[in-house]
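Shown next, in structure tokens, is the structure this report addresses.
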Amino acid sequence: VPYISPLLVPTATGRASSDGHRGRVAVVGLGPAGPQWLTPEAQAELASADDLVGYETYLARVPRRRGQRRHSSENQVEAERARHALELAAGGSRVAVVSSGDPGIFAMASAVLEALGEGNGQYAGLEVRVVPGLSAMQAAAARVGAPLGHDFCVVSLSDHLKPWEIVERRLRAACEADMVLTLYNPASSTRREQLARAIEVVSEQRAPSTPLVVARAVGSEAESVTVTTLEQLESDVVDMRTLLIIGSSTTRIVPGEPRLVYTPRRYPG
Ligand SMILES: C[S@@+](CC[C@H](N)C(=O)[O-])C[C@H]1O[C@@H](n2cnc3c(N)ncnc32)[C@H](O)[C@@H]1O
């Protein structure tokens, strides 16, 4: 029996489908790549859905099933996609909205809940749940050991949905607090300056020799993970399938093991 958050328990008003079940939306995390990181819970949710909704690249990762409908859309239309999923569920369908990594981290779960709230009661009675997935940062961290072994924070370098000043403020605050920094959405083919500026900001407070992990397309055939340092980062290789992990003052490369990085759990003092 799938777990249903008590916060999202359906009320009695959701419409039932022709075979009697009530409409519902599950926002399902696919993990960062490949079937090896798809949880059994996510697999079950995908298998039982009537409709699959998602960005075309992520939907392509889900095996086709007879009788299941697919609604793919382009990347930047999250709000529209979320409303579409809720509409389908309001009509009695079991809907799975697919999302890469964990759906609650820079992904579709927020968009669906935002649309649910903006519906002003229109979707009352729908069951909405979030099925977690492995986040790309966990997969990337595991490839090089344990860089996230102590306090860390995660910042998206995308300034599509927030002003760049906020990004810089958060980078400075993370450095000030000496936390390991994970950077999502570091660059795309058109968005290149943000990464250079972020490295400048971080370099104001962190040593040039700080370990830095560049993890690209982790879990896929195109995977490449390298351990370098803040001053030696070659930013040309960084694209939208890449994330970076920048160490804190205590993060170390294991002596004699240049591919292994850890941040000790103990902090001096
Ligand atoms: C919109 S965010 C989605 C994050 C996702 N929800 C998660 O939990 O991993 C997309 C960003 O995640 C990172 N990313 C996603 N998959 C990745 C992978 N397989 N390897 C490295 N980074 C990845 C990249 O920084 C990419 O720009």
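Taken together, the values in this text are just the output of simple stated rules run on the coordinates, not laboratory data. This structure is a prediction, so every number in the text was calculated from the model and none was measured. We place every Cβ from the backbone using ideal geometry, glycine too, and count neighbours over all the protein chains shown.
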Cβ under 14 Å from A115's Cβ, A115 left aside: what net charge do those residues give with Lys, Arg +1 and Asp, Glu -1? -3
Isotropically averaged projected area of the chain, using the convex hull of Cα atoms (one quarter of hull area), nm²: 16.2 nm²
Given springs between every Cα pair under 10 Å in a Gaussian network model of the chain, which of T190, T226, T57 has the largest fluctuation? T190
Region 28-117 shape via C-alpha gyration tensor axes, a/c threshold 1.5: oblate
Rounded to a whole number, the Stokes-Einstein D of region 107-237 in µm²/s (Kirkwood radius over Cα pairs; 37 °C; 0.692 mPa s) is 195 µm²/s
Backbone HN-Hα couplings from phi across region 188-194 [Karplus 6.51/-1.76/1.60, Hz, Gly and Pro as x]: 9, 5, 9, 9, 10, 5, 4
Which whole-number percent is the relative contact order of the chain (Cα, under 8 Å, 6+ apart)? 19 percent
Putting +1 on Lys and Arg Cβ atoms and -1 on Asp and Glu Cβ atoms, find which of A44, A33, C175 reaches farthest to the positive end of the dipole of the chain. A44
Around T250: net Lys/Arg minus Asp/Glu count, Cβ-Cβ under 13 Å: +2
The chain, helix-only ellipticity at 222 nm - DSSP H runs n ≥ 4, -39,500 (n - 2.57), divided by all residues, nearest 500: -7500 deg cm²/dmol
Can you give the relative contact order of region 35-114 as a percent, counting alpha carbon pairs under 8 Å and 6+ residues apart? 33 percent
Within a Gaussian network of the chain (alpha carbon springs, distance under 10 Å), most fluctuating of P163, P186, P35: P163
Quick one: which residues, 5+ away or cross-chain, put their amide H under 5 Å from the amide H of E223? H built at 1.01 Å from N. none
Please arrange L183, L148 by counting, for each residue, the other beta carbons lying within 10 Å of its beta carbon, fewest first. L148, L183
Taking Cα atoms, the helix 78-90 axis meets the longest principal axis of the chain at an angle in degrees (rounded to 10) of 30 degrees
Fewest-first sequence of Y123, Y267 by Cβ atoms within 10 Å of each Cβ: Y267, Y123
Between 0 and 90°, nearest 10: helix 164-176 axis offset from the chain longest Cα axis: 60 degrees
Counting only GluC sites (Glu not before Pro) that are in a DSSP loop and have at most 14 other C-beta atoms within 10 Å, tell me the longest site-free stretch of the chain. 75-203
Calculate how large, on average over all directions, the projected area of the Cα convex hull of region 160-250 is; give the answer in nm² to one decimal. 5.9 nm²
Please rank D236, D151, fewest neighbouring Cβ atoms within 10 Å first, as an exposure proxy. D236, D151
Give me log10 I(q)/I(0) at q = 0.12, 0.17, 0.24 Å⁻¹ for region 57-175, Debye formula, one equal scatterer per alpha-carbon, no solvent. -0.59, -1.02, -1.44
